[in-house]
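A quick write-up on the structure given underneath.
No lab work stands behind these numbers, since they all come straight from the coordinates. No experiment lies behind these values; they were computed from the predicted model shown. Cβ placement follows ideal geometry from the backbone for every residue including glycine, while neighbour counts extend to all protein chains displayed.
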Amino acid sequence: MKALSFIGKVLLATVCLTALSCGGDDHTQASAQTAGSEDNPTTSKMYITIDGKTQSITLADNQATEELVSRLRDGDVTVVLSSYGDFEIWGSLGFSLPANDQQIKGGPGDVVLYNSHNICLFYGSSSWSYTRLGKIDGLSENELRTFLKAGESGIAVTLSLNAGASGTDK
């Protein structure tokens with residue numbers, strides 16, 4: 001009888017702890033969802049438009065992309081980029097973002113921050129100290145070279161949070 005009573009108490013304690021644990025996770029999850037869905041929604045995509053053609057970019061999860069998304073909520077950002085080294089187009093954003101540079105090998109489609117105020121879009125590969133911003137979705141290396149106008153200078157690039165970017169600053 002005492003053994004049954006002990007097993008019952010252990011079972012009851014386990015059920016109570018499980019319920020409390022699940023309740024805490026639900027509350028934490030609900031709070032995170034609320035924080036991300038009200039005044040400051042989170043996003044994992046931005047869009048790049050060049051000559052009327054738009055591609056999505058899956059964003060990295062870091063402070064630089066959070067700040068970039070915050071700026072893009074105020075309107076599209078258009079920058080002029082130029083080819084460099086037969087592997088990237090790059091240029092100044094016109095503002096700085098928080099950098100967390102690490103030695104990485106950038107490959108086709110990678111979007112990185114260089115020296116906290118330059119954006120680099122790779123159609124080839126390079127290894128250097130960058131802050132990863134994201135990756136252009138779904139294009140082969142040859143398609144990236146065409147889309148990013150590899151080898152050209154003075155390329156107008158619009159970054160936005162919607163796929164229908166107009167190509168002008170707001």
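Count the net charge of all other residues whose Cβ sits under 13 Å from the Cβ of residue 111, scoring Lys and Arg as +1 and Asp and Glu as -1. Mind showing how you got there, number by number?
Working: positive: 45, 132, 135; negative: 88, 110, 137.
Charge balance in the 13 Å sphere: 0.
Which residues does the label zone of residue 51 cover in the stretch 131-152, counting backbone N under 12 Å from a point 7 Å along Cα→Cβ?
The answer is 145-152, whose backbone nitrogens lie closer than 12 Å to the label point.
Relative contact order for the stretch 45-160 using alpha-carbon pairs under 8 Å, separation at least 6, rounded to a whole percent? Spell out each step's value before the answer.
Values: 266 pairs, mean separation 40.5, N = 116.
Rounded, it is 35 percent for the stretch 45-160.
Can you tell me which of 77-89, 108-120 comes out highest on packing, and rank the rest after it, using the mean Cβ neighbours within 10 Å? Please report the intermediate quantities before stating the final value.
Numbers: 77-89: 17.3, 108-120: 20.4.
Output ranking for 77-89, 108-120: 108-120, 77-89.
If you stretched the chain out fully between residue 142 and residue 58, how much longer would it get, using 0.36 nm times the residue separation minus the C-alpha to C-alpha distance?
That pair, residue 142 and residue 58, stretches by 28.3 nm at full extension.
Taking a ≥ b ≥ c as the square roots of the eigenvalues of the Cα gyration tensor of the stretch 62-170, is the shape rounded (a/c under 1.5), prolate (a/b larger than b/c) or oblate?
On the way: a/c = 1.60, a/b = 1.13, b/c = 1.42.
Note, shape of the stretch 62-170 comes out oblate.
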